[in-house]
Amino acid sequence: MTSALVPAPSTSATSGRVVANNGHEPPTVDAICLDIDDTLVDFTGSARSALSVVTGSVELGRDDLWPTWQRVTEAHSAMVVSGELDYDAMRHARTKAFLAGLGRDLDDDAVAVIEDRRLAQVSRTWRLFPDVLPCLDWLRAAGLRLAAVTNASGPRQRDRLAALGLNRFFDVVVSAGELGSAKPDPVIFHTACAHLGVPPHRTAHIGDRLDHDAHGAHDAGLHGIWLNRTRRPAPHLPPTIPVVDTLADLPALLVTDYRTPTVTSTSTLPAARA
């Protein structure tokens, strides 16, 4: 049953912005889609530290290496989505291309050893952001259906969610590699909605990428929400896309700006866990 939120003027704190209801009827949200990497899991922290396995100590002082690694990774990940490579072949091709760009032309066996060590290091250092479990507990208690929507490998992400104790929260995991469509393509968002049994206009998606997550979801007819953990400036952010700095602020946003299955304006909001 939809909660009766009072539509009188109210505000929500979203990254310093004040959003007023101004008497309008809040939209209904019955489901939430969440990105995984850098939204739930500190993937960049783990992957960045593990890059030393690939580069070696001589290269650690170069500031351009992480952006270069990201660019090479995105180019090769697109080949997984298009079906040109499977995930394991992509990992090795990506690492070989990255090393070649550093002037290190290694044979396939040497690259395989380096890449497998890098992946093992990433896996050992996965960690959740402290705001994740309280938020997911609250979303589930609120009666919302949940989907994890990722551009990364489906099997890898399911393993990661299971290892971190998150798989119990999600009704479905939708991955670009398995679907053949990646964020911000509307297909991946609509597929998640179809699995959840909730139409796009009653679904919100939150993630750390303004382009892939917030804009992509909004353009697909969902309610796009940007998780801006690093408080990056966004001069062209439309007023239709709310911003939060932490998942701890998501429940307050849902309470004040949306109608949800069982939440009322007096519902207790979660505190971040240490």
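For region 117-198, what class follows from the C-alpha gyration tensor (a ≥ b ≥ c being the square roots of its eigenvalues): rounded when a/c is under 1.5, otherwise prolate if a/b is larger than b/c, else oblate? Please report the intermediate quantities before stating the final value.
Values: a/c = 2.38, a/b = 1.12, b/c = 2.13.
In terms of gyration-tensor shape, oblate.
With the simple model of a label 7 Å out from the Cα in the direction of the Cβ, Ala141 to Thr230 spans 3.3 nm. Between Ala110 and Ala97, the distance separating the two model label sites (each 7 Å from Cα on the Cα→Cβ line) works out to 2.1 nm. Calculated accessible area for region 155-268 comes out at 42 Å² per residue, all protein chains present (probe 1.4 Å; ligands, DNA, RNA ignored). Note on Glu74 and Asp211: the model spin-label points, each 7 Å out from Cα along the C-beta direction, lie 0.4 nm apart.
Place a point 7 Å from Cα of Thr28 in the direction of its Cβ. Which residues in region 182-208 have their backbone N less than 15 Å from it? What the label zone holds, given the 15 Å backbone N cut-off, is 197-204.
The values are calculated or read from the model by the stated rules, or taken from the named source; none is laboratory data. Computed from a prediction, not measured in an experiment: that's the story for all the values here. Every residue, glycine as well, gets a Cβ built from its backbone with ideal geometry; the counts of neighbours run over all protein chains shown. Heavy atoms of the whole protein, side chains included, go into the accessibility calculation; ligands, DNA and RNA do not. Shrake-Rupley method; radii C 1.70, N 1.55, O 1.52, S 1.80 Å.
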